[in-house]
Every structure is written in C-alpha cells, then in structure tokens.
1. With the structure loaded, tell me whether Arg230 is within 16 Å of ligand 2 (Cβ to nearest atom), of a type in the set (Lys, Arg) and out of contact with any Cys (no Cβ under 9 Å at 6 or more places or on another chain) or whether it fails that test.
2. Which ones in the range 290-309 are farther than 17 Å from Asp229 by Cα and surrounded by 16 or more Cβ atoms within 10 Å (Cβ to Cβ)?
3. Which one of these is more than 16 Å from ligand 1 (Cβ to nearest atom), among the charged types (D, E, K, R) and under 22 Å from the mean Cα position of the chain (by Cα): Arg174, Arg245?
4. From the list Gly179, Gly239, Gly166, exactly one residue is crowded, with 16+ Cβ neighbours inside 10 Å, away from ligand 1 (no atom under 16 Å from the Cβ) and either free of Cβ contacts under 8 Å to residues at least 24 places away in the same chain or not in a strand (DSSP E or B) (or both). Which is it?
5. Could you pull out the residue among Gly223, Gly189, Gly266 that is outside any helix (DSSP H, G or I), at positive phi and more than 16 Å from ligand 2 (Cβ to nearest atom)?
6. Which residue is farthest from ligand 2 (Cβ to nearest atom), if the candidates are limited to the range 327-364 and must be part of a loop (DSSP other than H, G, I, E, B) and within 16 Å of the chain's Cα centre (by Cα)?
7. Which numbered condition trips up Thr274, out of (1) surrounded by 22 or more Cβ atoms within 10 Å (Cβ to Cβ); (2) out of contact with any helix residue (DSSP H, G or I) (no Cβ under 9 Å at 6 or more places or on another chain); (3) within 30 Å of Ile227 (Cα to Cα); (4) not small (Gly, Ala, Ser)?
8. Could you tell me whether Asp379 is modelled with pLDDT under 95, surrounded by fewer than 18 Cβ atoms within 10 Å (Cβ to Cβ), more than 16 Å from ligand 3 (Cβ to nearest atom) and outside the structural domain of Pro284 (by TED's automatic domain parsing)?
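The values are calculated or read from the model by the stated rules, or taken from the named source; none is laboratory data. Worth saying up front: this structure is predicted, and the values here are computed from it rather than measured. Backbone-built Cβ (ideal geometry, glycine too); neighbour counts: all protein chains shown.
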Amino acid sequence: MSAGELLGQIADVGRDTRRGGYSRHAFDAPERELRTWFVERAQRLGLDVETDRNGNLWAWWGAPGPDAVVTGSHLDSVPGGGAFDGPLGVSSALDAVESLQDKGFRPAKPVAVVVFAEEEGGRFGVPCLGSRLLTGSIDADRALALRDPDGVTFAEAAAATGLDAGRVGADPERLGLIGRFVELHVEQGRGLIDLGSPVAVGSSVIAHGRWRFSFTGQGNHAGATRIADRADPMLPAAGTVLAVRRLARGREDARATVGRLVPTPGGTNVIASTVDLWLDARVPGAETPELVEEITVAAREAAGSEGCELAVTRESYSGDVVFDEPLRRALGEWLGGPPELPTGAGHDAAILAGFVPSGMLYVRNPTGISHAPDEFAEDADVAAGARALTEVLERLAK
Ligand code: HGY
Ligand code: MN
Ligand code: MN
Ligand code: MN
C-alpha cells in the first residue's frame, strides 16, 4: 500500500473526526483512533509496539537497544488542522520500514518508529509535551498539573489512558538508546513550491514560545452599565491583539499570533469579568523575549486605561535550533543534494536535537498552508518522501 493510500486512510479518519468540527487532540478518542491505526499497522509489519511512561508510542524493529535509528512524528493535531501535519511522518516511517522489509534489508541496529504525544499542545497548552517529558525538558510536576480547557489535569488524562502518573517524566534510559532521530514532516510553508523540489532537508527551527495574557475587569450587565462605569477586559484584550501585529511588523521576520481569545463568562449581554488570550510569538535569533516584553508593555497600558488588571504567564519557550551538521550533510548527500529549509514550525525533532543527533525531511505541500484543512501533499511527493526516508533509514541502520 503506498504512503499516499495510507494517508488517504488517515485523512479519512482525520476528516471523520472533523465531521463534527472536531479535530484530533492528544489523549482524546479521535487521536486514539489514529493510535489504533498505527499499532495495528506496525504489528502487521512485525514491529513490537510499546507505550512509554509518558504516553509516547514506540514500534521497534528488532529488540530495543543502543544506537537505535529512530524516526516518526505525531498523530495529534490542532483544532481544525490538516490531515498531514504529523501523520505524514508516521505513515511514511511505516511505509519506509515496509519497503526495507520487502527488499530483504536486515537492520544492523535497532530501528524504531515513534509517535510523540501532544506535539501540538492542543489540549494541555505546551507543545511537544511527549518529547519534552522524554528528554526531561519540562518538569514532571509542572506537566502533571497542566489542565485542559475542561479543567482535566494531564495527570488525570494520563491515568485515564493507563499511564502511571508517578512515572511520568524524564526517561534517560530510553533517550540513551537513540543513536539518530530523523523526522519526516509535510512542509508548512511555500519553500518547496518555489524551489520546485518534492523533498527538502531541514536546517533549523526558529525560536518560539507561548504566553497567556489574563485581563481582569468587572463583570456587569450589558444594558444597565453606562460606558463611563465600565472596566471591560475585552477592550485591553482587543488593543493587545492589534499591538501584537503592529509590534511584530516592526521586527525582521517576526511572527506573532493571537489564535485563541476566551472571554468569561462569554454572554452576549454580559460585560466579561475576565478575558484570556494566548500569544504565540516566534522571532529568529534571541529576540522573541524582547518582542513579548514590548507587547506586554502595550497590554499593561491598555489594561490600565480601562481599569483592568493584567497577569502574563509564559507557558512554553524553545530557543533557535540548528539541526546536527554531520547528519544534515549526510542526509543531503544520500538524497542527491535536495534543498535545505529553515522552518518557523516547531517539531519534536527540534526538542530531541538538544539531546541526540537529529534531522528532518520535508515533503512539498502544494498549498503551503498548514494548521488548516487546506494542508495537502500530492501522492507522488508523499511517495518521494517515503523513498527518501527509506534511503536514510537504510544508510543509518546498516
Ligand atoms: O506550533 C507548531 O509550530 C507546531 O505545529 N507544533
Ligand atoms: Mn503542527
Ligand atoms: Mn507537526
Ligand atoms: Mn437579565
């Protein structure tokens, strides 16, 4: 079965789960469906599948052991996300293993396909939660206390999927098994469209972080409260959204987004008592904190002029990552010199890059759009990506 056909299956599941306007979230039923798809396919390939202490899935070709060649990605998505962001890397990894098995290749090293949990942070707010826990890049107690929009803690959700909350956290033995990690991912941007190539090698990931801005005013009646008597948190929130765009525009190549803004209680005839908004800020180099500081100053001024309070919390931050130079060069040589691409999208490979030699492959996305249903990859490019990953795994595992 080609990766494209496989992906069709995933896309259908993705579309199915979006039938109710619901996309795949980690630790929720739809993502579990995809996990079931993964486990069943991996087992048909004779791989041994296990779930690690943090909920990441590992499908081993050969007994787990040192210097393992690991590939994979994630299956969770953002609300309303596309079908390829994450699943393409997982399906292509299984496709690559199947191709190697079909040609009778016998790996000299352990090979594993991994599915990292909660890469989008779509439920608990911290991106790459599964790979951050594996590497000890997030404090276990902080992770366990994270709450989803319904107030469910990660500890409760992890226990509900059968994990031992007491063991959630850094897994140095498992991390120590990884010799190389290579993640294949649909491109999230137009680079390969403009370069006219189906596949690229990843070069770097720009710094990115998430901050929560909580504006507190006075809840009140929409009709009985004169304008002069209001402390309406929606006003400084709106001013902050505009300031985000204005201040990001003032910095070379900065990207800053407010994609989520939640008034409480959220009644049409109610002046909100609080408004929470989340800022996603990404600036190449070390400038992200400076941009966020400028935005915070503007937000405080807006809050003060409306008699509201403001609390700002940093929820996650990752600095610039440049992928392992020798691995990057080898990927280029093995694949005949495809283009190299930087990206503004975060990935588990960028978290692992701080601990093990890691690299990325990208597959052309003809729309250049991601984190939206328009995200796409042509079957021919999906197949080219799977062939590239097959070549890379064979070179690394022999
Ligand atoms: O947000 C990101 O860059 C990634 O999709 N988690
Ligand atoms: Mn994503
Ligand atoms: Mn992704
Ligand atoms: Mn009333």
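1. The answer is no for Arg230.
2. Hits for the range 290-309 are Leu291, Val292, Glu294, Ile295, Thr296, Ala298, Ala299, Arg300.
3. Result: Arg174 is the single residue among Arg174, Arg245 that is more than 16 Å from ligand 1 (Cβ to nearest atom), among the charged types (D, E, K, R) and under 22 Å from the mean Cα position of the chain (by Cα).
4. Gly239
5. Of the residues listed, the single one that is outside any helix (DSSP H, G or I), at positive phi and more than 16 Å from ligand 2 (Cβ to nearest atom) is Gly266.
6. Ala353
7. With (1) surrounded by 22 or more Cβ atoms within 10 Å (Cβ to Cβ); (2) out of contact with any helix residue (DSSP H, G or I) (no Cβ under 9 Å at 6 or more places or on another chain); (3) within 30 Å of Ile227 (Cα to Cα); (4) not small (Gly, Ala, Ser) applied to Thr274, the lone miss is (1).
8. In short, yes.
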